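Heads up, the thing below is written out as structure tokens.
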Amino acid sequence: MTANSVIAEARLRGRNQLTLPESVVQAGGLAEGERFAVEIDLADPDTVRLHRLRTSYAGTLRDVYGDPVAALAEERKDWR
């Protein structure tokens, strides 16, 4: 854990439902209905990790092509 970690206790309830503590929800900026991938390493089954699933990939490759206007202009040259 790091100094930037939030640790809180959660309980697995009937029907395999896990309620996240409010401190975790607020720290993560989580909202109702968000989806997560659940990871358990079989070599360390006492550790469970939740990974928030993205709902959008917009902007994730922002710096890959440099200036988007220039990259698009360059790409359009090949269309002619």
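Values as computed for the structure displayed
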item	result
Of residues in region 43-80 being surrounded by fewer than 10 Cβ atoms within 10 Å (Cβ to Cβ) and in contact with a Lys or Arg (Cβ under 9 Å, 6 or more places away or on another chain), the one modelled with the highest pLDDT	Leu53
Qualifying residue in region 1-19 (condition: more than 25 Å from Thr55 (Cα to Cα), assigned to a helix (DSSP H, G or I) and either touching a helix residue (DSSP H, G or I) at 6+ places or on another chain (Cβ under 9 Å) or free of Cβ contacts under 8 Å to residues at least 12 places away in the same chain (or both))	yes
Neighbours by Cβ (under 8 Å, 6+ apart or cross-chain): first from region 22-34, in a helix (DSSP H, G or I); second loosely packed, with under 13 Cβ neighbours inside 10 Å	Ser23/Val6; Ser23/Ala8; Val24/Val6; Val24/Ala8; Val24/Ala10; Ala27/Val6; Gly28/Val6; Gly28/Arg52
Among the candidates Val38, Val69, residue that is among the hydrophobic types (A, V, I, L, M, F, W, C), in contact (Cβ under 8 Å) with a residue 12 or more places away in the chain and either farther than 24 Å from Ser5 by Cβ or assigned to a strand (DSSP E or B) (or both)	Val38
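The values are calculated or read from the model by the stated rules, or taken from the named source; none is laboratory data. Just so it is clear, the model here is predicted, and its values are computed rather than measured. Cβ: placed from backbone, ideal geometry, glycine included. Neighbour counts: every protein chain shown.
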